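Accompanying notes for the structure given below.
The values are calculated or read from the model by the stated rules, or taken from the named source; none is laboratory data. Not measured: the values here are computed from a predicted model. Counting neighbours? That spans all protein chains shown, and the Cβs are built from the backbone with ideal geometry, glycine included.
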Amino acid sequence: MQSDATKKRLEIVLAVLFTIASLFILVDLVMQTGQRALAYSEVREAIRSSRVEEMTVGPTLLNGTLSDGSRFKTQRISEDAELIPMLEKYEVSYSGPSEWRSVFYGGAAPAIALLGLLYFFYQRSQSPLRNFGKRGKTLLVAESPSTGFDHVAGCDEAKSELTEIVDFLTAPERFHAMGASMPRGVLLSGPPGTGKTLLARALAAESGVPFFSLSGSDFVEMYVGVGAARVRGLFEQARKQAPCIVFIDEIDALGKTRDQNSSNSDEREQTLNQLLVELDGFEQDSRVVLIGATNRPEVIDPALLRPGRFDRQVVVDAPDRVGRLAILEVHGRGKKIGPNTSLKKLANSTAGMSGADLANILNEAALLAAREGASCIEQEHLHEAVEKVLAGPVRSNRLLDKNLKNRIAYHETGHALIAYHSPTADPVHKISIVPRGKAALGYTMQIPLSDSYLMTETELRDRIRVLLGGRAAEALIFNEVSTGAENDLERCTLLARRMVGHFGMGARTGLLHAGADLRGCSPAFAAKMDEQVQDMLEDIFKEAQTILVENRGQLEAVSQRLLKREVLEAEEFESFL
Ligand code: ADP
Ligand code: MG
Ligand code: ZN
């Protein structure tokens, strides 16, 4: 401790010196930039014609002021023994550079600056992450998170799985008495923002043991062997501090299936192998639990998932209605929610959103309320926040010309009308041609009535038809299409590809599953799949066009209204139909 304090003081002194030296060098540089560089002969000429006011004569540099007040500098050449006599003769006042100046700029300042830089780089090379994995170094600092399970909601199965681990860490005797052995690894998997990181931290808080937290990408290095050394160092330290929890977030970065031929696959393979070795080497009662988290369980190397390694897999899914309400209540705790504001309504209308989205919505709503100077969060604030989180902040549309707005109105109305006329599509909640976010010039908001656990072929086709509705409307009304449908096309193509390659819904491609990334199939099959997808999209596009042709009156009426009002709510939209 003593030496730590001394080191701190020394560091501060060095930092101050370094800063001062740098400042002086900087000032000198700035002053010199204000000086005109003259040739030596020009200076001599100036002296002879009495245009020099005064001069500073240094060993290599001359500075001075001309009679018009401007400053100059020039390089001194070696054979200028006549310089001083000449200055005397023409009565120019001159002086040598002051003693300290030449010492300072000549040696001290650059030396201090250099030392400072060296020290800076030395410090960097000593930073914990770079060094961790090297033998005998203390590396990671154990954290002790403070947010427990009461801050996590809507994933009760995951919580109860992890509660068992808390028991094991805090009271292992009970389990040993039964002859049960400790689970070694738990893999949390699920979409982003569902609370995996939050759960791992809560687990640590509940069990009160040291918590080592790292991200998979911390292990992925350019140099072969570094990652493996880090894994070794990490577990070495963890064993010393057992019982403890080691958490590796985004573990897919290092546990990727090994046969992928990426450039640094050697390095990754070594790192992964080391991780496997460490997991296998856990003593029966070492009481080190490894928790992994990933958004992409499908790319994890199967070797990691064998018994005795990550032997528990906990799926953390997007929350259902009850879960969403619970999450909203957790995040509503410190916020002023108005008496007429219903979090339940919000939970009902946010199917498919993650815990992170919901937390974000509540925060946006609180910000909006504060900005308006409202006394509490009202339902409108929640509405506006949902739109902001889904579609991004409002942008000005003053710059859009009339024709463009007209096209956007038809495009969005196309989506909305197809949704209205497709029996299983989610109801239209709002149509808007107010630009939002980075890309959307307009948008049609649909809100699902319930959580969807399973989708039928009809529902999927309805969804694609709605996505193609904008394009279909543009083609019908303007006889010419635009770039406005890019995002729609991207989304419906992905959906159609999954229908064909994942769900066995292609007439000609049959039941074959094309692998999680749609590439686990032969090139011949991939080609067939592409054809099938194309046919499917064209087919559904024709259906969309037919619907719009049959309801052209509605398309015109709603679009014109939308153009005038910019936003149509559900009731107003339906009053036209
Ligand atoms: P993940 O690791 O699954 O991507 P995070 O744990 O980082 O998600 O979640 C991000 C934030 O979202 C959390 O800090 C928390 O505020 C909120 N959040 C996500 N899921 C939940 C949940 N189940 N309960 C409460 N808050 C949640
Ligand atoms: Mg995370
Ligand atoms: Zn669109």
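Numbers for the structure displayed
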item	result
Per-region count, segment 309-337, residues under 17 Å from GLU364 (Cα atoms) and in contact with a Cys (Cβ under 7 Å, 6 or more places away or on another chain)	2
Breaking point among (1) within 16 Å of ligand 3 (Cβ to nearest atom); (2) touching a Pro at 6+ places or on another chain (Cβ under 9 Å); (3) in contact (Cβ under 8 Å) with a residue 60 or more places away in the chain, for LYS405	(2)
Residues (of a type in the set (A, V, I, L, M, F, W, C) and either within 19 Å of VAL394 (Cβ to Cβ) or more than 13 Å from ligand 1 (Cβ to nearest atom) (or both)) located in segment 344-359	LEU346, ALA351
Top-ranked residue in segment 546-577 [being polar (S, T, N, Q) and over 39 Å from the mean Cα position of the chain (by Cα); ranked as surrounded by the fewest Cβ atoms within 10 Å (Cβ to Cβ)]	SER575
Of the criteria (1) away from ligand 1 (no atom under 13 Å from the Cβ); (2) closer than 21 Å to LEU199 by Cα, which one LEU362 fails	(1)
Count of segment 240-254 residues which are within 15 Å of ligand 2 (Cβ to nearest atom) and either more than 23 Å from the chain's Cα centre (by Cα) or small (Gly, Ala, Ser) (or both)	1
Subset of segment 168-199 [within 16 Å of ligand 1 (Cβ to nearest atom) and either in contact with a His (Cβ under 8 Å, 6 or more places away or on another chain) or farther than 21 Å from ASP320 by Cα (or both)]	VAL186, LEU187, LEU198
Selection from segment 491-527 of residues that are under 22 Å from GLU459 (Cβ atoms), among the charged types (D, E, K, R) and not in a helix (DSSP H, G or I)	ARG508
Single residue of LEU518, LEU511 found to be in contact with a Gly (Cβ under 6 Å, 6 or more places away or on another chain) and either aromatic (Phe, Trp, Tyr) or at pLDDT below 90 (or both)	LEU518
Segment 337-366 residues that are in contact (Cβ under 8 Å) with a residue 12 or more places away in the chain, paired with ones that are β-branched (Val, Ile, Thr) and in a loop (DSSP other than H, G, I, E, B) (beta carbon under 6 Å, 6 or more apart)	SER349/ILE447; SER354/THR194; GLY355/THR194
Residue among VAL481, VAL434 that alone is more than 16 Å from ligand 1 (Cβ to nearest atom), of a type in the set (A, V, I, L, M) and under 21 Å from SER575 (Cβ atoms)	VAL434
Qualifying residue in segment 287-304 (condition: among the small types (Gly, Ala, Ser) and more than 23 Å from ASP517 (Cβ to Cβ))	no
Long-range neighbours under 8 Å by Cβ, at least six apart or interchain, first residue over 10 Å from ILE418 (Cα atoms) within segment 460-477, second of a type in the set (Asp, Glu)	ARG471/ASP488; GLU474/GLU480
Unique match (being surrounded by 19 or more Cβ atoms within 10 Å (Cβ to Cβ), at pLDDT 95 or above and over 20 Å from VAL558 (Cα atoms)) among ARG471, ARG461	ARG461
Subset of segment 125-154 that is assigned to a helix (DSSP H, G or I) and modelled with pLDDT of 55 or more - its residue that is surrounded by the fewest Cβ atoms within 10 Å (Cβ to Cβ)	ASP150
Qualifying position, being at pLDDT below 90, touching a Ser or Thr at 6+ places or on another chain (Cβ under 9 Å) and not in a loop (DSSP other than H, G, I, E, B), among THR444, THR413	THR444
Which listed residue, of ARG371, ARG287, is without any contact (Cβ under 8 Å) to a residue 12 or more places away in the chain and either more than 14 Å from ligand 1 (Cβ to nearest atom) or in contact with a His (Cβ under 7 Å, 6 or more places away or on another chain) (or both)	ARG371
